[in-house]
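Coordinate-derived values only; no laboratory data. Remember, predicted model here, so these are calculated numbers, not experimental data. Here the Cβ is made from the backbone with ideal geometry for all residues, glycine too, and neighbour counts use every protein chain on show.
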Amino acid sequence: MSGQGSMPPGLNVSRETLDRLSSFAALLEKWNPRINLVSRNSLSDLWTRHIADSVQLFDCVAPEGHWVDLGSGGGFPGLIVAILAADAAPNLRVTMIESDQRKSAFLRAAARETGATCTIIAERIEAVEPQQADILSARALADLETLLGFADRHLNRSGVALFPKGVTWQKELDSARQRWKFKAQPITSITDPEAVILKVEGVSRD
């Protein structure tokens, strides 16, 4: 398999999707020395730390309608979602918002290389017109309180947000509840037992 590391157990995808993911991994390795898409330390564990960690978000929801990924960076999870959707949810519309022009260029190259259908918006999240997302995601972007502000702008009222969070997730949750009303279901991460994916619905200002 091309791309650093090996596919983690439990990554249940089709052969065609695995080929797309491998092409993506190889392209990321090629670009990474120039624009630092992921840390050098995590590159050796790319399949678990980044790819499988993104795949699990796709499995947390019924992937339908419009999926918007904020601060997509090196494509996690937005580009991974678009790759999975090509085979598993061809009607899913995927939009990535990434203000860094070089990272946006990488995302466009990766979409072409893998045949993933998606829209990439190279603007600041706050400046993009409301997206009315059915599913909203953001990985390693900001604290939960900030993310809820983005969700208030870009998530439709019946939509769901997926926010992966590390070991301090409960502290972020308690802090955010002081300013926001929302429902949050913590789902234990398959790649880190101390991390969760916060499945958030019903976001409104307190």
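Observations
- The residue that is surrounded by the most Cβ atoms within 10 Å (Cβ to Cβ), counting only those in the stretch 123-143 that are out of contact with any Lys or Arg (no Cβ under 7 Å at 6 or more places or on another chain) and without any contact (Cβ under 8 Å) to a residue 60 or more places away in the chain, is 125.
- Which listed residue is under 26 Å from residue 11 (Cβ atoms), hydroxyl-bearing (Ser, Thr, Tyr) and surrounded by 14 or more Cβ atoms within 10 Å (Cβ to Cβ), from 188, 114: 114
- From the options 153, 205, 179, residue that is in contact (Cβ under 8 Å) with a residue 40 or more places away in the chain, of a type in the set (Lys, Arg) and either farther than 23 Å from residue 55 by Cα or touching a Cys at 6+ places or on another chain (Cβ under 9 Å) (or both): 205
- When we screen 104, 54 for residues that are within 15 Å of the chain's Cα centre (by Cα), free of Cβ contacts under 8 Å to residues at least 24 places away in the same chain and part of a helix (DSSP H, G or I), the only hit is 104.
- Residues located in the stretch 137-161, provided they are under 14 Å from residue 201 (Cβ atoms), in contact with a Phe, Trp or Tyr (Cβ under 9 Å, 6 or more places away or on another chain) and part of a strand (DSSP E or B): 137, 161
- Some residue of the stretch 60-80 being of a type in the set (D, E, K, R), loosely packed, with under 14 Cβ neighbours inside 10 Å and closer than 27 Å to residue 182 by Cα: yes
- Applying the criterion of being in a helix (DSSP H, G or I), free of Cβ contacts under 8 Å to residues at least 60 places away in the same chain and among the hydrophobic types (A, V, I, L, M, F, W, C) to the residues of the stretch 79-101, the residue that is nearest to residue 31 (Cα to Cα) is 79.
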